[in-house]
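Reviewing the structure listed below.
The values are calculated or read from the model by the stated rules, or taken from the named source; none is laboratory data. Since we're looking at a predicted model, the values are computed, not measured. Note that each Cβ is placed from the backbone with ideal geometry, even for glycine, and that neighbours are counted across all protein chains shown. Each accessible area value is taken on the protein alone, full model and side chains, heavy atoms only, with ligands, DNA and RNA left out. Shrake-Rupley method; radii C 1.70, N 1.55, O 1.52, S 1.80 Å.
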Amino acid sequence: MTKSANTMWGGRFAAGPDAIMEAINASISFDQRLASQDIAGSRAHASMLAATGIISDKDAEAIKEGLLTVLSEIEAGEFPFSAVLEDIHMNVEARLKDLVGEPAGRLHTARSRNDQVAVDFRLWVRDQCDAADSALLALQKALLGQAEAGADWVMPGFTHLQTAQPVTWGHHMLAYVEMLDRDRSRFADARRRMNTSPLGAAALAGTSFPIDRDMTAKALGFERPMSNSLDAVSDRDFALEYLAAASICAMHLSRLAEELVIWSSAQFRFVKMSDKWSTGSSIMPQKRNPDAAELIRAKIGRIFGANVALMTVMKGLPLTYSKDMQEDKEQVFDAADNLMLALAAMAGMVADMSANRESLKAAAASGFSTATDLADWLVRELGLPFRDAHHVTGSLVALAESNGADLPDLTLSDMQSVHAGITEAVFEVLGVENSVASRTSFGGTAPANVRQQVSAWKERLA
């Protein structure tokens with residue numbers, strides 16, 4: 001295969017571009033990742049050209065067999081990618097010509113690189129939606145295992161990272177199961193919307209050949225062909241939607257990673273990360289660093305950045321195709337790689353980590369975490385308006401704080417000095433186990449609720 005000049009262009013350019021133009025123009029260094037999608041699209045196109053009588057069955061078979069050979073060479077790492085040939089499409093076609101000769105020249109009938117790259121990239125992003133869904137499912141199952149094990153383990157619930165009310169470990173884990181399920185629905189929704197085929201739009205205006213776009217759409221697993229040729233070659237909404245879903249998902253991963261970093265610290269001791277997901281210090285032998293969680297937290301910036309970068313590339317482009325759009329792929333490739341790595345690492349960390357039940361319980365019982373339970377009791381048992389109950393509870397918290405104690409440590413006499421109507425029964429609501437057990441409203445933290453939700457999620461994720 002000749003590499004000295006790009007003969008695919010025919011007679012318009014007699015000499016090859018200089019080195020700088022070649023470097024800025026070539027995309028084969030990254031778009032070779034589209035090889036399997038490119039070959040799938042070309043095989044579907046060849047079958048359609050034969051079915052509609054545009055090329056012969058013999059040529060179509062030669063093309064399809066040759067393309068399989070090209071694919072096997074690529075998968076085996078034996079394919080000679082050339083920057084002179086610019087991109088994956090020209091590299092594949094040139095090698096196909098080496099293998100099958102003249103029939104290779106018929107493959108590009110009734111299509112353009114514009115609709116070719118649009119279909120390749122759409123197929124690749126569609127695959128990434130499926131991959132993200134599978135990885136999210138694995139992480140949900142790891143979280144569900146933690147939730148089931150700790151359905152009744154008491155821990156502090158936080159607002160402003162200050163102790164607020166007691167919750168259960170299982171309830172906290174299930175919060176992330178819910179978040180990740182919304183992420184799965186976003187990827188599924190984006191996948192549904194991108195599942196239309198641009199193949200057959202040609203350069204921008206369609207083609208005069210009697211092609212069958214429904215046939216190629218069906219062969220590639222699309223719901224239907226795109227109905228406007230201009231939109232078909234210029235649309236990158238599918239990549240932007242993938243990046244938007246990936247960004248929200250990445251934000252959820254970063255929140256969980258942040259909690260794991262905090263929880264595994266010596267100050268909290270809520271969880272212990274396994275040796276698989278921790279590192280030591282080169283100078284401090286006591287250190288056990290949650291590096292995997294920290295790296296997940298950092299990689300999220302690359303995913304956010306990819307979303308902004310592609311939005312910026314697309315924002316000023318008139319219809320239809322512009323070379324700017326060659327800059328769409330590297331950002332998406334990098335974001336997808338980092339999302340999949342972060343999801344896999346998080347699933348491993350969550351599955352392997354062990355929660356410290358005693359530390360969780362001790363923290364839950366501190367910081368006046370049952371103050372709301374006391375206020376609710378005053379409303380329910382003494383009939384106080386909530387605002388009055390809030391004031392009484394605040395006074396009791398101040399009293400306990402001045403005594404260096406917590407609410408359950410106050411005596412009945414102490415409490416009655418603030419409000420005479422308080423009885424011994426109040427102590428039944430001040431324990432953290434009693435507090436969480438009472439939160440039986442739908443979506444609440446009560447262990448009974450958690451177990452019910454675990455059961456429902458097990459069935460849903462099976």
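Once the convex hull of all Cα atoms in the range 113-362 is built, its volume per residue stands at 142 Å³. Shape descriptor for the range 238-357: Rg over Rh equals 1.14 (Cα atoms; Rh from the Kirkwood inverse mean 1/r). Across the range 365-461, Cα-Cα distances exceeding 21 Å account for 38% of all pairs. Over the range 19-106, the hull volume per residue, using the convex hull of the C-alpha atoms, is 90 Å³. Packing, taken as the mean count of other beta carbons within 10 Å per residue, orders the peptides 194-200, 446-452, 206-212 from highest to lowest as 194-200, 446-452, 206-212.
Annotation: amide H-H contacts under 5 Å for Val167 (H modelled 1.01 Å from N, sequence separation of 5 or more, or interchain): Met155, Gly157. Annotation: Cα Rg of the range 176-242 relative to the compact-globule expectation 2.2 N^0.38 Å equals 1.36. Full extension of the chain between Ala344 and Asp57 gives 98.8 nm of extra length, using 0.36 nm per residue less the Cα-Cα distance.
Expressed in Å, the radius of gyration and Dmax of the Cα atoms of the range 98-207 are 24.0, 75. Distance between the pseudo-spin-label points of Val418 and Asp212 (7 Å out from Cα toward the beta carbon): 8.0 nm. Excluding ligands, DNA and RNA, the accessible surface per residue across the range 113-362 is 43 Å² with a 1.4 Å probe. Pairs spanning more than 29 Å between alpha-carbon atoms, out of Lys276/Lys329; Lys141/Lys315; Lys276/Lys458; Lys141/Lys329: Lys276/Lys329; Lys141/Lys315; Lys141/Lys329.
Using only alpha-carbon positions in the range 69-121, the gyration tensor eigenvalues give semi-axes of 18, 15, 10 Å once each is multiplied by 5 and square-rooted (largest first). Note on Phe304: accessible area is roughly 90 Å² with a 1.4 Å probe, heavy atoms of protein only. Taking a span of 30 Å or more along the helix axis (Cα atoms) and a mean Kyte-Doolittle hydropathy of at least 0.0 as the rule, the DSSP H helices of the chain that qualify are 237-263, 291-314, 329-352.
The antiparallel fraction among DSSP beta bridges confined to the chain stands at about 80%.
With the convex hull drawn around the C-alpha atoms of the chain, the volume per residue stands at 203 Å³. Could you name the aspartates and glutamates in cross-link range of Lys299, using Cα to Cα under 13 Å and dropping any fewer than eight places away on the same chain? Within the straight-line limit of under 13 Å, Lys299 reaches these aspartates and glutamates: Glu258, Asp291, Asp334, Asp337.
Toward the positive end of the charge dipole of the chain, with +1 on the Cβ of Lys and Arg and -1 on the Cβ of Asp and Glu, the farthest Cα among Phe268, Gly394, Ala135 is that of Ala135.
Multiplying the residue separation of Ala149 and Asp181 by 0.36 nm and subtracting their alpha-carbon distance yields 9.5 nm.
Dipole check for the range 19-106: with +1 at the C-beta of Lys and Arg, -1 at the C-beta of Asp and Glu, and the Cα centre as origin, the magnitude is about 180 Debye. Exposed loop sites here are GluC sites (Glu not before Pro) assigned a DSSP state other than H, G, I, E or B and surrounded by at most 14 other beta carbons within 10 Å; excluding them, the longest clear run of the chain is 224-462. In the chain, helical runs assigned H by DSSP with n ≥ 4 each contribute -39500 (n - 2.57); averaged across all residues and rounded to the nearest 500, the mean residue ellipticity at 222 nm is -19500 deg cm²/dmol. Paramagnetic label reach from Lys323 (point 7 Å along Cα→Cβ; backbone nitrogen cut-off under 19 Å): within the range 225-243, residues 234. Cross-link partners for Lys361 among the aspartates and glutamates, with Cα-Cα distance under 15 Å and sequence neighbours closer than 8 places in the same chain left out: Asp152, Asp406, Glu433. Once the Cβ-Cβ distance of Asp189 and His108 is raised to the sixth power relative to R0 = 30 Å, the FRET efficiency obtained is 0.30.
Surface calculation, 1.4 Å probe, protein heavy atoms: Lys299 sits at approximately 50 Å² accessible.
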